[in-house]
Amino acid sequence: MLHLVAFTFISALLFSMLSIIIVGNDLNNIDSLKITQFIQSVGIFILPPLFMAFMRSAKPFELLKINRRPDFRSAMYAIIAMVIAIPAINLLGEINHMIKFPQSLSLIEDYLIEMEQRAEELTNTMLSVNSVSGLIVNLGLIAVIPAIGEELFFRGTIQRLLQDKMKMHVAVWVTALIFSSIHFQFYGFIPRLLMGAFLGYLFAWTQNLWVPILAHFTNNALAVVFYYLKNTGQTTVDIENVGKSETYLFGIISIVIALVWIFLFRPIEKKRSESI
């Protein structure tokens, strides 16, 4: 774990310097911002897990559990689960926003709110495209790379390292806690924690990293596509608000269906993975 932290720090530093060399400090330019995002995502989330895997094993892809394709049933389960959970995630996010700090911690609360607003503005800036080519770039940058990189880093590496020392359930939740914390967005902490745990269980049950990668990709890709459709006037549906406020019933129903879905899937996949 210390090796991972050390190499991630060094890689992040080197790739941050590389992004400065390539695009400079002009992060007001959307193209420069996207190039920087790409370079840093590769340097922080993709290279360290690969480096660790090649150091630890003669079969690094087998170690990371990316050496075989997921079976169709597991892949479809992961995709459908994320679609079902969208209103639930939105409702939990709204509940997270309702958390108030005591007066003595008001400065911290103001700082967290400011960070959240900046993150939202940055996301909206990156998502604001009107062309199919811009949509494809955003799918690659916001859906494909984070899904592969973050799952390699968190589930494929951190969770596997923790499972060498801890019980599976503890490793899943500790990894999910780290996953949610490292995004530095307090007002999205709860839904991201639960999603991280779900992705962790997907990996633990199936022993195939492509399954949580597919789930992660689906969650991000839906946001990118719907933002594009709304931005170009092709739909009025705001997917990020389904399950919130007046539509909270959809959020509650989504939570119930998602829990039932997970409960029905878990024992089948657990037995299957144990037989591998």
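The values are calculated or read from the model by the stated rules, or taken from the named source; none is laboratory data. Given the structure is predicted, the values throughout are model-derived calculations rather than measurements. A quick note on method: Cβ atoms are made from the backbone with ideal geometry, for glycine too, and the neighbour counts reach across all protein chains shown.
See the values below:
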quantity	calculated
Looking only at segment 21-30, and only at residues there that are under 25 Å from residue 133 (Cα atoms) and assigned to a helix (DSSP H, G or I), the one that is nearest to the chain's Cα centre (by Cα)	30
Where residue 90 falls short, out of the listed (1) over 23 Å from residue 208 (Cβ atoms); (2) exposed (fewer than 15 other Cβ atoms within 10 Å of the Cβ)	(2)
Candidates 30, 35, 21 - the one that is over 17 Å from residue 149 (Cα atoms) and in contact with a helix residue (DSSP H, G or I) (Cβ under 7 Å, 6 or more places away or on another chain)	30
Qualifying helices (runs of 4 or more DSSP H) (wholly inside segment 130-247; at least 1 residues being of a type in the set (A, V, I, L, M, F, W, C), surrounded by 21 or more Cβ atoms within 10 Å (Cβ to Cβ) and assigned by TED's automatic domain parsing to the domain that holds residue 114)	145-150, 168-181, 189-206, 210-231
Near pairs, Cβ below 8 angstrom, 6+ apart or cross-chain, from segment 103-114 (farther than 15 Å from residue 185 by Cβ and assigned by TED's automatic domain parsing to the domain that holds residue 188) to any residue that is basic (Lys, Arg) and modelled with pLDDT of 80 or more	none
Residue 68 being among the basic types (Lys, Arg), over 29 Å from residue 238 (Cα atoms) and exposed (fewer than 14 other Cβ atoms within 10 Å of the Cβ)	yes
Any hit, segment 31-54, residues being assigned to a helix (DSSP H, G or I), farther than 24 Å from residue 181 by Cα and in the same structural domain as residue 260 (by TED's automatic domain parsing)	no
Search result, residues across segment 168-194 that are of a type in the set (A, V, I, L, M) and under 21 Å from residue 82 (Cβ atoms)	172, 176, 177, 178, 182, 190, 193, 194
Any chance residue 2 is out of contact with any His (no Cβ under 8 Å at 6 or more places or on another chain), modelled with pLDDT of 90 or more and farther than 18 Å from residue 146 by Cβ	no
Residue 60 free of Cβ contacts under 8 Å to residues at least 40 places away in the same chain, buried (at least 17 other Cβ atoms within 10 Å of the Cβ) and out of contact with any strand residue (DSSP E or B) (no Cβ under 6 Å at 6 or more places or on another chain)	yes
